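These notes concern the structure reproduced below.
The values are calculated or read from the model by the stated rules, or taken from the named source; none is laboratory data. Small disclaimer: the values here were computed from a predicted structure and weren't measured. All Cβ positions, glycine included, derive from the backbone under ideal geometry; neighbour counts span all protein chains shown. Remember, those area values only see protein heavy atoms, side chains included, never the ligands or the DNA or RNA. Shrake-Rupley method; radii C 1.70, N 1.55, O 1.52, S 1.80 Å.
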Amino acid sequence: MGRFVLKRLIYMVITLWLIATITFFLMHNLPGSPLQNEEKLPPELKEIILKEYGLDKPLPVQYVNYLGNLITGDLGNSYKYDGRKVTDMIMDGFSASATLGVQAISFGVVVGLILGCVAALRRGTWIDSGATVLSVLGVSIPSFVLGALLSYYVGVELQWLPPALWEGWEYTILPSLALSFLVIAQIARYVRTEMLEVLGQDYIKTAKAKGLGRPAVIIRHALRNALIPAITIMAPLTVALLTGTLVIEQIFAIPGMGYMFVDSIQTNDFTAIMGVTMFYSFLLVVSIFIVDILYGIIDPRIRLTGAKE
Amino acid sequence: MDQNNMLEVRDLHVSFQTYNGEVQAVRGVTFDVKKGETVAIVGESGCGKSVTSQSLMRLIPQPPGQIKSGEIWFDGKDLTQVAEKDMEKIRGKDIAMIFQDPMTSLNPTMTVGKQIMEGLIKHQNMGKDQARERALEMLRLVGIPSPESRIHQYPHQFSGGMRQRAMIAIALACAPKLLIADEPTTALDVTIQAQILELMNDLKEKLETSIILITHDLGVVADVADRVVVMYAGKVIETGTVEEIFYRPRHPYTWGLMGSMPRLDLEQEKELTPILGTPPDLLSPPKGCPFAARCKHAMKVCQQEMPETTEVDSETHKVNCWLEHPMAPAVEPPAEVVGGGSK
Amino acid sequence: MGKKFTMTLALLLVASMVLTACGGGQSAGGDKQVLNITETGEPPGLDSAVTTDQISFDILNNVTEGLYRVDKNNQPQPAIAKDVEISKDKKTYTFKLRDAKWSDGKPVKAQDFEYAWKRALDPKSKSQYAYILYPIKGAEEYNTDKGDKKDVGVKALDDKTLEVKLNDPIPYFLTLTTFATYRPQREDIVEKHGKEYAQDPDKMVYNGPFVMSEWKHKKSFQLKKNDKYWDKDAVKLDEINANIVKETSTEVNLYNTKKADVINVNGEFVDKYKDSKELVKVPEASNFYFQFNTKEKVFSNEKIRKAFSLAIERKTITEKVTKDGVPAQGIVPITLDVNGKNYREQAGNMIEEDEEKAKKLLEEGLEELDMDKMPSIELLGYDRENAKKTQEYMKERLKNVLGVNVEIKIVPFKQKLDLENAGDFQLSFAGWGADYNDPMTFLELWVTGNPYNRGDWSNKEYDKLIKKSQTNADYEERAKDLIKAEKIAMDEAALAPLYDRQRLKLQKPYVKGIARHPFGADNTYKWAYIEGK
Ligand SMILES: Nc1ncnc2c1ncn2[C@@H]1O[C@H](COP(=O)(O)OP(=O)(O)O)[C@@H](O)[C@H]1O
Ligand SMILES: [Mg+2]
């Protein structure tokens, strides 16, 4: 297990370095500059400002500086919000996004799991059909459409919950729900298929033949095996969720990372774009890492063969 | 119920509802198993052996399966009538089962030890430590070396033969009165097969368990079984002691079986001659003898009506065949079948 | 299991409803004057000397105050200045300051102005709006590192007297002093916080009608009435709550649930509220136009340029295409004043639309150029919503009326500027916003050699009139000259003005007295109040 983890860690660092490099060079080839009000700015002043940001130095020098700062966790100063550190900006936004993400994932996973299991166990009943319809909808309706619908119908028409803003727990419900729909759908679909597959396996018969009750058979024997493939979709789901937060945060006016990312792109805030990209990548790579480890914990075949290599 | 009988199956009917209609997998099976006895069920694949054996433990998937009628008497209870909760108490404790493929019948994500302990904790009210002790004992009993470390391993770390041993350990952990082994050696290679059979024979003696052994291999039957039940198309067409079936088989299907099945106990030279034709479609089984279409000796009556069960030679040897009818012409079994036994 | 889940969900909903009901107290407060608004983005920073964006301008306009402040009619009124003495040559302004205080109780001094303006001009400050101070003597030189700080023509003669020397007499200087960049700053506070100055409410001081009481970055901010404000009796609102909302549909949702009293909307939503009294249109001092590149053969011909301008139906654009503007009446937007009076009322509508004449002029123009067919034209555009719509409309319109094939080339905004600066275009979709309340802010762009004269149109008479007006102390004559100049540019179709932009807002009927401005900051809440909510 130790070597397995170490190997994953090394992959992780290499991936991050690659992303950092690609982002850096892409950013520097993108049209646009961090200057505001550019069309009216005297050229002399433009030069002075670029110098201030170190943008006048040759690209390789900038790259080395950038990497050096990155290693120490310094993402630099924002170009747009003069005097603010990108790291601080990210942390400001992260708490909202994390709340949103964690709620959406946990709610989505729990509901998805239950739904998928129930659908599989009650195969062919109306619960199963309902779950299937929900899954198709959840996968095909983008979260921003759902978000807009929820905000309008639940927020404005019914006035059950606030249609937007971020003031307290009740404000987190609709956006989390909008985001979790995809998670519910994906997890339910996967768990249902896998559950059906697993329930037909011989070892389930063995478990039943031992005289185990239905709950023990399902929870101890079926669920764990059905979960393994479901865990593999957690990484792409996290990605989907992250991109989902981009729009959901706009729709619900949530001061999260998605807001920050869109904002930094709109205003050509180079350091912020690079910072957020790096942070997103970091999150993603770490979540993939965690999924890998989880996978290893749940499936001994992976863990043990991984160790042998 | 006969005092000597461990199990009595009476006129068991099991069907599956499919898109195409009702598959009548088991159509009136009757047999019994005495205490300490090993009964072999033989027959071509698809004839209902597994369905019969799983029905005994009420393990057929439901839906689509259903026990339509019949009785399964075990320990003074008709298992077809027992509540599911009570059935759970019988499974694994009084009746245990070993499946064909040891590669797939163990849970890949649970240690072998835990899989053995599970049944013990459930049925014997054992604590974890006690169950572990017993599991170690079982592993030792089924001949797994260094059980102390093996107990913590996962099935994928075991070889095929080892896994089947582990399966046997699971099955026998609670010292069941009846062990059902559904082709326990089919998936194993030949040398291992012999070891597993030997182990089963050994344990049967030690634990005084009755065994229902489902197999393709007549050699296995000759080695371990006391009695044989021959099944065809969901029906029992002949039963008898090993002696009777091997030396005086009466049903043309049994003859065909003798010629077509491998025999672990015989010299390699014997040539296998498959039975021509295919078994009937169980969606719409024929109303007469199901073997009639493939039978060289079939008469008009065979197509029209199912023959009665007839006792021949002894009260243990029974056969369902029109050839036993007094008006039927005398037909001799092929010579290679009768002389084949080496006992 | 299914039942339990439904139950849990229902409970959750009930719980959240209870929570919402409990939290609803804020808006119910009876006599407290509270205004809830939305902003479309996070203010990047409230350092008046360096900030450049509309949201910061808006906040600063309400929490700080300069020498003058624009009133409801967009006229400059004395604010921190009590009055002003203007020299005969109109190049020296001597402001007398009133007894105003900062929110920490210290008096607002003339030195605070001198400090702030020079700080904005200091190249190290990287102030991207510093050029707004260029009318002041020595300002441009200092800002572009060619001159010295001490030569900048602003001086605190004493605590209450500020002297400003200008390069030229300009009639709009008092309006300029209402701009954010012209606000005073406290040296001690700026020095104390350094890079963090004005990044948080407690890292700055205020001298306007309100103070910033709370600022949750990227989420919301709150303004409260400033008890130290010299004119605090005129201020009626106790509190302004602003939420940052980027999505217009979200703003509408908040508006409809009374979580916002005033919101911004765009053309998309206009149809729904077309006849509503709650729809407020605020004309802006900015316009959109087609810029011809006169270096291109076809557009070197005046008749062809004119034909293009004649062919456009401006009303269609503002009513059917973008829905957020009014048809242009000339180069100078309708909202601008000259000499304290509306410019367009004096200059009149200079736009002519005539399909037949357009066709005829195109033919004549081609003849003059010795061409028998109009080549296909490339329209340089950019990728913003309304720009794209307008570009598409023009393509179709020019095809239908003049039979001209137009190909649209859409590039990111910044790239468009690069291409324009390089003269690498035929026809471009462009816009300009006023920097100050005078026609000059538009008209000087088309002077020969001006870097923003991207189409290189040139007319000696025009150049002469503009140049004269830049230094003419006779403001009456100056106004006439500017009208003359605009007429020349329009006659020769140096450009084809399209429309003046409008800001669209929804405002609850109980909100009263918000002053809105076409240039500088968008809103003044000093006189706003809530009535009949
Ligand atoms: N789940 C099921 N659904 C439909 N038909 C089944 C099912 N299980 C078994 N059968 C049918 O029952 C018959 C007997 O099968 P089985 O008992 O497995 O045969 P075998 O004697 O080879 O063990 C076969 O025809 C098979 O198609
Ligand atoms: Mg079978």
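Among the conditions (1) within 9 Å of another protein chain (Cβ to nearest Cβ); (2) out of contact with any helix residue (DSSP H, G or I) (no Cβ under 6 Å at 6 or more places or on another chain); (3) not small (Gly, Ala, Ser), the only one that A:Leu161 does not satisfy is (2). Of the helices (runs of 4 or more DSSP H) lying entirely inside segment B:177-273, the ones with 1 or more residues being within 16 Å of ligand 2 (Cβ to nearest atom) are found at B:218-224, B:252-260. Close Cβ contacts (under 7 Å, 6 or more residues apart or on different chains) running from residues in segment B:171-185 that are of a type in the set (S, T, N, Q) to residues that are within 16 Å of ligand 1 (Cβ to nearest atom) and not in a strand (DSSP E or B) comprise B:Thr185/B:Val220. Residues in segment C:343-387 that are open to solvent by 40 Å² or more (accessible area, probe 1.4 Å), not hydroxyl-bearing (Ser, Thr, Tyr) and not in a helix (DSSP H, G or I): C:Asn349, C:Glu352, C:Glu353, C:Asp354, C:Asp370, C:Met371, C:Asp372, C:Lys373, C:Pro375, C:Glu378, C:Asp383, C:Arg384. Is it fair to say A:Leu115 is farther than 26 Å from A:Ile22 by Cα and either in a helix (DSSP H, G or I) or within 14 Å of chain C (Cβ to nearest Cβ) (or both)? When the stated conditions are applied, A:Leu115 passes them.
For segment C:132-155, how many residues meet the condition of being assigned to a helix (DSSP H, G or I), open to solvent by 30 Å² or more (accessible area, probe 1.4 Å) and within 12 Å of chain A (Cβ to nearest Cβ)? The total comes to 2. Of the residues making up segment C:104-113, just one is assigned to a helix (DSSP H, G or I) and surrounded by fewer than 21 Cβ atoms within 10 Å (Cβ to Cβ), namely C:Gln111. Scanning segment B:98-114 finds no residues that are within 9 Å of another protein chain (Cβ to nearest Cβ), among the small types (Gly, Ala, Ser) and closer than 26 Å to B:Asn5 by Cα.
Among the residues of segment B:139-153, some residue qualifies, meaning at least one is within 12 Å of another protein chain (Cβ to nearest Cβ), open to solvent by 10 Å² or more (accessible area, probe 1.4 Å), assigned to a loop (DSSP other than H, G, I, E, B) and away from ligand 1 (no atom under 16 Å from the Cβ). Of all positions in segment A:207-214, none carries a residue that is more than 11 Å from every other protein chain (Cβ to nearest Cβ), part of a helix (DSSP H, G or I), open to solvent by less than 40 Å² (accessible area, probe 1.4 Å) and among the hydrophobic types (A, V, I, L, M, F, W, C). Residues in segment C:407-454 that are over 24 Å from C:Ile132 (Cβ atoms) and under 20 Å from the mean Cα position of the chain (by Cα): C:Phe429 only. In the set (1) out of contact with any strand residue (DSSP E or B) (no Cβ under 9 Å at 6 or more places or on another chain); (2) surrounded by fewer than 24 Cβ atoms within 10 Å (Cβ to Cβ); (3) in contact (Cβ under 8 Å) with a residue 60 or more places away in the chain, C:Val50 fails one condition alone, (2).
Would you confirm whether any residue within segment C:124-131 is open to solvent by 50 Å² or more (accessible area, probe 1.4 Å), at negative phi and more than 14 Å from chain A (Cβ to nearest Cβ)? Within segment C:124-131 (the criterion being open to solvent by 50 Å² or more (accessible area, probe 1.4 Å), at negative phi and more than 14 Å from chain A (Cβ to nearest Cβ)), the answer is no, since none of the residues qualifies.
Of all residues in segment B:154-166, which are of a type outside the set (Gly, Ala, Ser), open to solvent by less than 60 Å² (accessible area, probe 1.4 Å) and out of contact with any Ser or Thr (no Cβ under 7 Å at 6 or more places or on another chain)? Result: B:Pro155, B:His156, B:Phe158, B:Met162, B:Arg163, B:Gln164, B:Arg165. Total residues in segment B:26-66 satisfying the condition of being surrounded by fewer than 22 Cβ atoms within 10 Å (Cβ to Cβ), assigned to a strand (DSSP E or B) and within 13 Å of ligand 1 (Cβ to nearest atom): the figure is 3. Selection of segment A:218-237 for residues being facing chain B (nearest Cβ under 10 Å) and under 21 Å from B:Lys89 (Cα atoms) yields A:Arg220, A:His221, A:Ala222. The C-beta contact set for segment B:56-71 (first residue within 11 Å of chain A (Cβ to nearest Cβ) and within 17 Å of A:Leu196 (Cα to Cα), second residue more than 16 Å from ligand 2 (Cβ to nearest atom) and part of a strand (DSSP E or B), distance under 6 angstrom, 6+ apart or interchain) comprises B:Pro64/B:Gln17. The condition of being surrounded by fewer than 20 Cβ atoms within 10 Å (Cβ to Cβ) and within 14 Å of chain C (Cβ to nearest Cβ) holds for only one of A:Val285, A:Val291, A:Val262, that being A:Val262.
Considering segment C:494-516, and only residues there that are under 30 Å from C:Tyr462 (Cα atoms) and not small (Gly, Ala, Ser), the residue that is most open to solvent (accessible area, probe 1.4 Å) turns out to be C:Arg501. For segment B:67-99, the set of residues classified as within 16 Å of ligand 1 (Cβ to nearest atom) and within 23 Å of B:Val228 (Cβ to Cβ) consists of B:Gly70, B:Ile72, B:Met97, B:Ile98, B:Phe99, listed by residue number.
Considering B:Leu257, B:Leu218, B:Leu197, the condition of being touching an Asp or Glu at 6+ places or on another chain (Cβ under 9 Å) and free of Cβ contacts under 8 Å to residues at least 40 places away in the same chain is satisfied by B:Leu197 alone. Evaluation of C:Leu279 against the conditions (1) at pLDDT 90 or above; (2) over 30 Å from A:Leu158 (Cβ atoms) shows that the sole unmet condition is (2). Taking segment B:199-238 as the range and being in contact with a strand residue (DSSP E or B) (Cβ under 8 Å, 6 or more places away or on another chain), within 16 Å of ligand 1 (Cβ to nearest atom) and of a type in the set (Ser, Thr, Tyr) as the test, only B:Thr215 passes. Only a single item in (1) away from every other protein chain (no Cβ under 14 Å); (2) open to solvent by 10 Å² or more (accessible area, probe 1.4 Å); (3) in contact with a Lys or Arg (Cβ under 9 Å, 6 or more places away or on another chain) is not met by C:Gly330, and it is number (2). Annotation: C:Thr40 fulfils all but one of (1) surrounded by fewer than 21 Cβ atoms within 10 Å (Cβ to Cβ); (2) within 27 Å of the chain's Cα centre (by Cα); (3) more than 14 Å from every other protein chain (Cβ to nearest Cβ); the unmet one is (3).
Residue-level check: of (1) of a type in the set (Phe, Trp, Tyr); (2) within 16 Å of ligand 1 (Cβ to nearest atom); (3) open to solvent by 10 Å² or more (accessible area, probe 1.4 Å), B:Tyr253 misses just (3).
Residue by residue, here is whether (1) on the phi < 0 side of the Ramachandran plot; (2) more than 16 Å from ligand 2 (Cβ to nearest atom); (3) in the same structural domain as B:Pro279 (by TED's automatic domain parsing) holds:
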{"site": "B:Val14", "(1), (2), (3)": "yes, no, no"}
{"site": "B:Thr18", "(1), (2), (3)": "yes, yes, no"}
{"site": "B:Val26", "(1), (2), (3)": "yes, no, no"}
{"site": "B:Thr38", "(1), (2), (3)": "yes, yes, no"}
{"site": "B:Gly46", "(1), (2), (3)": "no, no, no"}
{"site": "B:Val51", "(1), (2), (3)": "yes, no, no"}
